[in-house]
Amino acid sequence: MTAPVAEVVELRTWLSGHWVHDGVSFALRPGEIAALIGGSGTGKTVLLNQLVGLLTPSGGQVKLFGQDIAKLNAGALQALRRRFGLLFQDGALFSAMRVADNVATPLREHMPWLSAPLREEVVSLKLALAGLPPEAAAKMPSELSGGMRKRAALARALALEPELLLLDEPTSGLDPISAREFDRTLRVLVDSLGLTVLLTTHDLDSLWGLVDRVIVLFEGKVIADGPIREVAQIQHEWVRSYFDTRATE
C-alpha cells in the first residue's frame, strides 16, 4: 500500500480558551484532491498551518512524507519545505515586487545556486503552468485581476516542483467564471504532475466539480470523510444544512 503524503494523528489544538481540534485524524493519499470543510471557527486554516510547521499543535502528530515535523530540526524542516507549496487565502503576494520576482522568491531561498537565466526560465514555466500569459511576469500584483493574482500565487506555490499543495480558500473572492477556470487549471496540474492537494473551501461548485474526497470538521472532530456524494447524504444536521442546496444534483 502506498504511504500517505501527509498524516494527522489525534491532533489537538487549544486556542482562545477551547479545543478547536480534539482528536482530528486523517491521511492524504498520493494524487488526490481532498477538501477540508467546516463552519467558521473549526480550525481549517489553523490545521493547514500546522501541517507545514507554522503552528505547533497542543497534542497529537503531524507527519509529512512519513516525517513527524515536531521532531525535525530547523535544517530538516527547511529541506522538507521544498516538497510542498502553500497558497494563502489572499494569495499573500509581495505587493512591492513584480509577479516574476514573487514567483522567483522560493527559488532564491531554496535554490540559490540557480543562474539568473535558468531562474527566469523556471519562472516563465511556472507562470504558464498556472495559466498566466508571459506579459504577466512584468506586472505588479496591483495590476492583476483577482483571478490572475490567485494564479500568480499558484505559480509561486509550484516554483519548487512540490509533491503536495496546500490551498486556503483558493477560489474565495473570485467571480464564478474565474473560480471554475482556476479549478480546471488545478485539475490539469494534479492529473499531469501527480500532485496531491489539500484545500479548504466554502465553494460548493469546487466541491462537486473538482475534489475527490471531502473531510468534514465539526466541534473538534472529523465527522465525515469520503467522496462528496457519500458525505452529502450523511444524516448530520450541519452536513445536511451545508449541502442542502446541492445534495440532489
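Rule-based calculations on the coordinates, nothing more; no lab input. The shown structure was predicted, so the numbers you read here are calculated from the model rather than taken from an experiment.
Tabulated data for the structure shown
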item	result
Cα long-axis angle, helix 176-193 against the chain (0 to 90 degrees, to the nearest 10)	80
Linear extension gain, SER40 paired with LEU114, 0.36 nm per residue minus alpha-carbon span	22.4 nm
Net lengthening on full extension, GLU219/SER16 (0.36 nm per residue, minus Cα-Cα)	71.6 nm
Helix-derived mean residue ellipticity, 222 nm - over the chain, DSSP H n ≥ 4, -39500 (n - 2.57), to 500	-10500 deg cm²/dmol
Count, lysine Cα pairs under 24 Å in the chain, 8 or more residues apart or across chains	9
Extension gain (nm, one decimal) between VAL9 and GLU161, 0.36 nm per residue minus Cα-Cα	52.1 nm
5 angstrom amide H check on LEU199, placed H, neighbours 5+ away	ALA34, ALA35, LEU36, LEU167
Rounded to 10°, Cα long-axis angle of helix 116-129 versus longest principal axis of the chain	40
Amide H within-cut-off set for GLU163, under 5 Å, with H built and near neighbours excluded	PHE84
Alpha-carbon Rg with Dmax, taken over the chain, Å	18.2, 57
Quotient of Cα Rg and 2.2 N^0.38 Å for region 12-68, N being how many residues it contains	1.14
